[in-house]
Amino acid sequence: MRFLYDFRCDDGHISEEFVAEDVRTSPCEVCGNPATRVICAPRTRLNHISGDFPKATEHWVKKRNKHMALEQKATANHGPDAAWDMNRR
Ligand SMILES: [Zn+2]
């Protein structure tokens, strides 16, 4: 079982990664330094739907939709393991 978690590096970059529940660190998407998982419950769609930050929500939804589309494409072509490899980076 994998979940979407936030990882934050020492420079404050936030990366989203699909990882197993026990994975605590992942390379930063931006600078490549080790990023530590932000301690929080696994994300659901509703967590980001808030009227307080419409821009952030819009950005997140776009990013999320793109992510999902890529994942579904990879899954259709190569099965679930292909999506995992793509997201693992
Ligand atoms: Zn970074």
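Throughout, read-outs are computed from the coordinates displayed, never taken from laboratory work. Bear in mind that the values here come from a model prediction, so they are computed numbers and not experimental data. Note: ideal-geometry Cβ built from the backbone for every residue, glycine included; neighbour counts use all protein chains shown.
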All positions within the range 11-31 that are within 23 Å of residue 70 (Cβ to Cβ) and more than 7 Å from the ligand (Cβ to nearest atom): 14, 15, 16, 17, 18, 19, 20, 21, 23, 26, 27, 29
Output for the range 1-17, where each listed residue is over 12 Å from residue 36 (Cβ atoms), aliphatic (A, V, I, L, M) and surrounded by 13 or more Cβ atoms within 10 Å (Cβ to Cβ): 4
